[in-house]
Amino acid sequence: MPSGITAKNVLLREKYQQFVGRKMLFLLLLVIVIVLLAGVAATLGSANIGVLDVYSAILARFFPASFQTSWFADTIVWGLRLHRILLSIVAGMGLAIAGAVMQGILKNPLASPFTLGISSAASFGAALAIVLGAGFVGGEWMIIGNAFVFTLLASMTVYGLAKYKGITPETMILAGIAIMYLFQAMTSFLQYVGHAEQVQEVVFWMMGSMGRSSWDKVWIVTAAIAICFPYLLLKSWDINALGAGDETATSLGVNVEKTRVICMMAVSFITASVICFTGTIGFIGLVSPHITRMVIGGDHRFLLPASALVGGLLLLAADTAARTILAPVILPVGIMTAFLGVPFFVYLFMRRKKEFW
């Protein structure tokens, strides 16, 4: 009997190692594809350079004794294109992490920063700065500061409304929808009273763009993700338990309300740090977790990092297409993400026969 149990344990361990190995292979493939796509994206533009020139310019900055590059390639890569590429990657990662966590803690396939009112609050903050010139900070950071503050304010309002009725997935979703419509109405009012130039600027900001990228913004978004992501990954077991229902999670020792609130605050901070620089970008936080879940399943230990990589890959691909598809005209990246997201959701809708979760 003991030998039979031992053989069974060995078999289960081997299956688990294969289970983990497939997921790690998927993560590795995503990293490789992102690196390759980033190299290709850096070659596209009015000034043409080769892929090898791009990688040489990057490596020469860290290993000057082993790699050589020209002044032209170094200027194009480091001065003009690489910060936009990296902002696309980290912004997509942040939005995808936020979407995956929101869908997990709320057990709702439609949950995302875009559908829960957080992005609408950022749009109102930006519109307030553009139309009325009112903001929490002055100068060139006024729009960014307003978008950041109103994003956090919306998440706190959602929490307050849900707390009043009891923090459940249903109350948080309903509160988020109410906040979304409220901020959309206030943004529409500002557009109505604003001048034509101001309305045009608000609309362009709401479409989302990587054209405002800089190295400072890349580091700020990266720091926000680096602060919050380890905690969310640490809570992946608790998020898995929430997927089985609040009663089951409580019986497993999970503090349901505390986990839901802290995770919501963390993803709100990440979302605020992203969209205050990029504008509202839909579908990345909604689509990336679903794509990842279809490939590797719903275990958040692997779903969160894989969704982050898928989100970074999707937003980088969308921004690259936006820069090149009608060159020299650069389309807002939010338009491209919608073009990518809508066909996928139609496919998801047609493919699923019963439940979406």
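Bear in mind these aren't lab numbers, they're just calculated from the coordinates by the rules spelled out. Quick caveat: nothing in here was measured; it's all calculated off a predicted structure. Note that each Cβ is placed from the backbone with ideal geometry, even for glycine, and that neighbours are counted across all protein chains shown.
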Next item on the list: Go ahead and estimate [θ] at 222 nm for the chain from helices alone: -39,500 (n - 2.57) per DSSP H run with n ≥ 4, summed, over the residue count, rounded to 500.
Entry: -25000 deg cm²/dmol
Item checked: Cα gyration tensor, region 213-357 - rounded (a/c under 1.5), prolate or oblate -> oblate
Item checked: region 86-351, Rg to Rh (Cα coordinates; Rh as Kirkwood inverse mean 1/r) -> 0.96
Next item on the list: Please turn the phi angles of region 106-119 into ³J(HN,Hα) values with the Karplus equation 6.51 cos²θ - 1.76 cosθ + 1.60 (θ = phi - 60°), one per residue in order, whole Hz, x for glycine and proline.
Entry: 9, 6, 9, x, 9, 6, 6, x, 6, 8, 9, x, 5, 5
Check: What's the local net charge at S236, with K and R +1, D and E -1, over the other residues with C-beta under 11 Å away?
Finding: 0
Item checked: Inter-probe distance in nm under a simple model that places probes 7 Å from Cα toward Cβ, at N9 and Y192 -> 7.0
Check: Of the chymotrypsin sites (Phe, Trp or Tyr not before Pro) in region 174-226, which ones lie in a loop per DSSP and count no more than 10 other C-beta atoms within 10 Å?
Finding: none
Check: What aspartates and glutamates could a cross-link reach from K107, if we take a straight Cα to Cα line under 19 Å and drop same-chain neighbours fewer than 8 places away?
Finding: E170, D238, D246, E247, E257, D299, E355
